[in-house]
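The values are calculated or read from the model by the stated rules, or taken from the named source; none is laboratory data. Please read all numbers here as calculations on a predicted model, not as lab measurements. Positions of Cβ are generated from backbone atoms using ideal geometry, with glycine treated the same way; all protein chains shown enter the neighbour counts.
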Amino acid sequence: MSSNTQQDPIKEDGHIPDDPLTDHSYDGIREFDNPMPGWWKALFWGSIVWSAVYWLYYENGLTPDRSVIAAYDRALAANMEKQFSEIGELKPDRATILKFTKEPKWLAFGKSVFQTNCVSCHGNNAEGKIGPNLTDDKWKNVSKVEDIPKIIANGAGGNAMPAWKDKLNENEIVLLASYLLSVHGTVPPGSGLAPIKGETKVISDLDESADAPAGEEPQPGAEPGKDETTKTDAAPQSGEASK
Ligand code: HEC
C-alpha cells in the first residue's frame, strides 16, 4: 500500500476510489477489481455464439450455398433461363448472328455480357485497349461472321484472348457476336489505337445481300445471276433464285 510512484494520479488529487480490490498483492501492489462492463462481455460472448450460428448456417457444407452472392448467381441463372426460353438454344451460325443484330432487346443483353467480361481488355465500347479494337474493319482471326463466336469460345493469340466457352453459354456467345457486329463500323471515343500485328483480314460475308449460302465474296454490283450457271446445282436454295 505504500507504493509511491511520482506521477500517481490517485496520490495527486488525494482521492482513492473505493472500488473493490482483488485479493492478491504483488510486492504490496494491489489491483482494483474492475471487471469489463456487462455490455462489453455481452458483445464478446455474443460474437462467439454468433460465429457458431453463422458457420452452421452458411458454411456447414451440407445445405446449398446460402450466401448472398450464391443466391444472386442462382437468381441470375434462373432469370437467364427464363429469358432464353423465349429464343431457345441459338446456333452460332451466320444467319442467327445477323438476325440478332436487329433485335434491340437481345443486343442490349449482348452488350451487358460484353460490359461484364470484355471491357477490361477491349474497352467500354469495343474501341480497343490491351485487346484490339473490335469496331474497325481490321481483323486478325476473323474473316467470316461465324469466326467471331469461334474466337470468343476458343480464345486466340495463345490465350492473350481467353477462351470463354466454359464461362459463357452458347447463347451468350452468339449474342456477343451480334453485339460486336452491331458496333462494327462505329468509331467510339478512344479508338484509333494502332492495329495489332496481323490484323489484315476483313469480314467477307457481312453484307446482307450475300445471304446466298455459296460463301463467295459479295461483289457490290455483281449480278447474282452472273455465274448462276455454275452454281445452280450446287446451291439450289430458294434464296438465290428469288434474288
Ligand atoms: C484478357 C484480355 C481480354 C479479354 C478479357 C477479352 N479479350 Fe478478346 N482479345 C484479346 C486479345 C489480346 C486479342 C488479340 C488476339 C490475337 O492476337 O490473336 C483479342 C481478340 C479478340 C477477337 C478477335 C479480334 C481479331 O481481330 O481477330 C474477338 C472477336 C474478341 N477478342 C472478342 C472478345 C469478347 C467478346 C470478349 C468478352 C467475352 C473478350 N474478347 C475478352 C484480349 C481479351
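Of the numbered criteria (1) touching an Asp or Glu at 6+ places or on another chain (Cβ under 9 Å); (2) under 19 Å from Ile87 (Cβ atoms), the one Leu181 fails is (1).
Would you confirm whether any residue within segment 103-111 is more than 10 Å from the ligand (Cβ to nearest atom), under 20 Å from Ile203 (Cβ atoms), basic (Lys, Arg) and not in a loop (DSSP other than H, G, I, E, B)? Yes: one or more hits.
Determine, yes or no, whether Trp139 is touching a residue at least 60 places away in the same chain (Cβ under 8 Å), within 30 Å of Lys197 (Cβ to Cβ) and of a type in the set (Phe, Trp, Tyr). For Trp139, the condition - touching a residue at least 60 places away in the same chain (Cβ under 8 Å), within 30 Å of Lys197 (Cβ to Cβ) and of a type in the set (Phe, Trp, Tyr) - is met.
Residue-wise test of (1) surrounded by 11 or more Cβ atoms within 10 Å (Cβ to Cβ); (2) touching a helix residue (DSSP H, G or I) at 6+ places or on another chain (Cβ under 9 Å); (3) modelled with pLDDT of 90 or more.
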| site | (1), (2), (3) |
| --- | --- |
| Ser51 | no, no, yes |
| Leu56 | yes, no, yes |
| Pro64 | no, yes, no |
| Leu76 | no, no, no |
| Asn79 | no, no, no |
| Lys82 | no, no, no |
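Within this structure, Lys144 passes the test of being more than 7 Å from the ligand (Cβ to nearest atom) and either farther than 27 Å from Gln83 by Cβ or among the small types (Gly, Ala, Ser) (or both).
Annotation: Ala70 fulfils all but one of (1) modelled with pLDDT of 90 or more; (2) surrounded by 11 or more Cβ atoms within 10 Å (Cβ to Cβ); (3) in a helix (DSSP H, G or I); the unmet one is (1).
Quick one: is Asp147 farther than 19 Å from Val174 by Cβ, out of contact with any helix residue (DSSP H, G or I) (no Cβ under 8 Å at 6 or more places or on another chain) and surrounded by fewer than 22 Cβ atoms within 10 Å (Cβ to Cβ)? Considered against the rule, which asks whether it is farther than 19 Å from Val174 by Cβ, out of contact with any helix residue (DSSP H, G or I) (no Cβ under 8 Å at 6 or more places or on another chain) and surrounded by fewer than 22 Cβ atoms within 10 Å (Cβ to Cβ), Asp147 comes out as no. Checking each residue of segment 74-89 against the condition of being in a loop (DSSP other than H, G, I, E, B), of a type in the set (D, E, K, R), free of Cβ contacts under 8 Å to residues at least 24 places away in the same chain and farther than 30 Å from Asp18 by Cα gives at least one match.
Looking only at segment 84-98, residues that are touching a helix residue (DSSP H, G or I) at 6+ places or on another chain (Cβ under 8 Å) and surrounded by 15 or more Cβ atoms within 10 Å (Cβ to Cβ) come to 7 in all. Among the criteria (1) assigned to a loop (DSSP other than H, G, I, E, B); (2) out of contact with any Gly (no Cβ under 9 Å at 6 or more places or on another chain); (3) surrounded by 10 or more Cβ atoms within 10 Å (Cβ to Cβ); (4) not charged (D, E, K, R), the one Leu43 does not fulfil is (1). Among residues of segment 155-173 that are on the phi < 0 side of the Ramachandran plot, those with a beta-carbon under 6 Å from a residue that is within 6 Å of the ligand (Cβ to nearest atom) and assigned to a helix (DSSP H, G or I) at least six positions away or on a different chain give the pairs Trp164/Ile152; Ile173/Ile152. Which ones in segment 112-128 are within 9 Å of the ligand (Cβ to nearest atom), under 19 Å from Pro195 (Cα atoms) and touching a residue at least 60 places away in the same chain (Cβ under 8 Å)? Scanning segment 112-128 gives a single hit, Ala126.
Taking Ile97 as the residue in question, decide whether it is at pLDDT 90 or above and either more than 30 Å from Pro189 (Cβ to Cβ) or within 11 Å of the ligand (Cβ to nearest atom) (or both). Criteria not met by Ile97.
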